[in-house]
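To keep things clear, I will list the structure first and then write my remarks on it.
The values are calculated or read from the model by the stated rules, or taken from the named source; none is laboratory data. Note that this is a predicted model, so its numbers are computed, not measured. Cβ placement follows ideal geometry from the backbone for every residue including glycine, while neighbour counts extend to all protein chains displayed.
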Amino acid sequence: MPTHWHRAAQIAAVALSVLAVGLSAAPAPAHDRSSERIHEVDPSGGPGDRIGLDGGCADGTAAPGITTAAAEGVALACTAGSGKVLPNEVWPGGASVTEADTANLFGGNLSGLSFESTDVLWAVNNGPAKLYRLVPDGPLWSPDKGGWSSGKALRYATGSAEPDAEGVVVTPDGLFVSTEGDNGQLGTGTPKILRFDASSTASSLTATGEWNVSSDLPSVPANKGLEGIVWIPDTFLTSQGFRDERTAALYDPASYPGHGTGLFFTGLETSGTIYAYALDLSGGGFTRVASFDSGLLSVMAMEWEPATGRLWAACDNHCQGGMTTLGINAQGQFAATHAYDRPIGLPDYNHEGFAIAPQAACIGGQKPVIWADDKNNGGHALRAGTLDCTGPVTSGAGSGAGAR
């Protein structure tokens, strides 16, 4: 186990006075919010109710009528019977965050992250498009040897360069990358999901599978497409009564032959919406199984936590680094269950990657988490913190959940 995970767990402590100051600050200058959703409200006027949500309610329902013209800080009501707007909670882990890479190792544009094991962390760079295999290096993470020292260039299935690689996830069916568009055709947004053979010894990797999901999504600007991506096993989804919106019935994996053993969930930056897809792994076909609101203004990163059955969605400095967790409700739909502030020690930077270490990494009740900073602020792209190993567990989580 990496030596940098053997530090004592630090308990999060929030200075309420600091939050209160932030909440009472003068409002930002008025601007056209006609196409935006409210992402910061203060229903009670007290600390702890500053949220990174856009009007999500306690039971996961939306609050219509509050998504456009209202000003930040206005008390907003949810739909009848839905409860109050979810308040932000203190980060459920350590308050301390440390730099986790050597200075200027990656430069800018490091984005998605995904743990394969306690000792292997995958990362993608969105420009130039690269895949990194990272391993522990004392208290830090560094590129693995054996051809990974500078990362490996990523190419489309045609061999052309270069995908705007934003998210990455390791699955039993291979390594998959979500993209916003083609860096070679600036101004063009063509969201795709790509599969790569990470075991290849080649210096550059050509996609072994490609799914162009742009026809299923709203038209988006070139830099506002797919960001985070996660994979959730069918065994978990069926155990939780996940509902297939296409069939209006309980999700049945047999309805999607050739899709493997799970569904892919990917977040659209421009809307904060998450889409669930069954991919035909033998071709380029796909089917949308569901879509739902992340509870955030924008989705910049996603993570699936098998041990608790939580789906995490993360925003960056556009939402002060806020996060939500989602679970499957009584209607069989994913809905926001909690909203969290970023840890006190995590700067409000352009974090576009977030990964939770496997449960096997737990020490003293906490496990490591890593953030990737697209802007390489202060010369560092990786930052490490901790998350409580136990949390609100989705009913049935662990029953076929593939707990890591």
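Among the candidates 263, 296, 226, 281, single out the residue that is touching a Pro at 6+ places or on another chain (Cβ under 8 Å) and either at pLDDT 95 or above or within 29 Å of residue 130 (Cα to Cα) (or both).
Of the residues listed, the single one that is touching a Pro at 6+ places or on another chain (Cβ under 8 Å) and either at pLDDT 95 or above or within 29 Å of residue 130 (Cα to Cα) (or both) is 226.
State all residues of region 158-172 that are surrounded by fewer than 19 Cβ atoms within 10 Å (Cβ to Cβ) and either within 19 Å of the chain's Cα centre (by Cα) or modelled with pLDDT of 95 or more (or both); if no residue qualifies, say none.
Across region 158-172, the qualifying residues are 170, 172.
In contact with a Ser or Thr (Cβ under 8 Å, 6 or more places away or on another chain), surrounded by fewer than 17 Cβ atoms within 10 Å (Cβ to Cβ) and at pLDDT 90 or above: does that describe residue 143?
no
If only one of 246, 195 is basic (Lys, Arg) and surrounded by fewer than 18 Cβ atoms within 10 Å (Cβ to Cβ), which one is it?
Answer to the selection: 246.
Just for region 257-277: of the residues that are touching a helix residue (DSSP H, G or I) at 6+ places or on another chain (Cβ under 8 Å) and more than 15 Å from residue 214 (Cβ to Cβ), which one is surrounded by the most Cβ atoms within 10 Å (Cβ to Cβ)?
263
Among the residues of region 60-69, is any at pLDDT 50 or above and surrounded by 16 or more Cβ atoms within 10 Å (Cβ to Cβ)?
Taking every residue of region 60-69 in turn, none turns out to be at pLDDT 50 or above and surrounded by 16 or more Cβ atoms within 10 Å (Cβ to Cβ).
When region 318-376 is examined, which residues are found to be small (Gly, Ala, Ser) and surrounded by fewer than 20 Cβ atoms within 10 Å (Cβ to Cβ)?
330, 332, 345, 360, 364, 365, listed by residue number.
With respect to residue 111, is the statement that it is closer than 25 Å to residue 344 by Cβ, of a type in the set (Ser, Thr, Tyr), modelled with pLDDT of 95 or more and not in a loop (DSSP other than H, G, I, E, B) true?
Taking the combined requirement at face value, the residue satisfies it.
Report whether or not residue 117 is free of Cβ contacts under 8 Å to residues at least 40 places away in the same chain, among the small types (Gly, Ala, Ser) and surrounded by fewer than 19 Cβ atoms within 10 Å (Cβ to Cβ).
When the stated conditions are applied, residue 117 does not pass them.
Does region 82-141 hold any residues that are in contact with a Gly (Cβ under 8 Å, 6 or more places away or on another chain), farther than 19 Å from residue 352 by Cα and among the small types (Gly, Ala, Ser), and which are they?
Within region 82-141, 93, 94, 95, 96 meet the criteria.
List every residue pair whose Cβ atoms sit under 6 Å apart, with the two residues 6 or more apart in sequence or on different chains, where the first one lies in region 121-144 and is outside any strand (DSSP E or B) and the second, anywhere, is surrounded by 18 or more Cβ atoms within 10 Å (Cβ to Cβ).
Filtered contacts from region 121-144: 127/109; 127/183; 144/133.
For region 147-188, what are the residues that are of a type in the set (Gly, Ala, Ser) and outside any strand (DSSP E or B)?
147, 149, 150, 151, 157, 159, 160, 161, 184, 187, listed by residue number.
May I ask you to say which residue of 271, 199 is of a type in the set (Ser, Thr, Tyr) and closer than 30 Å to residue 318 by Cα?
271
Test residue 94 against the stated conditions and say whether it is modelled with pLDDT under 90 and part of a loop (DSSP other than H, G, I, E, B).
Taking the combined requirement at face value, the residue does not satisfy it.
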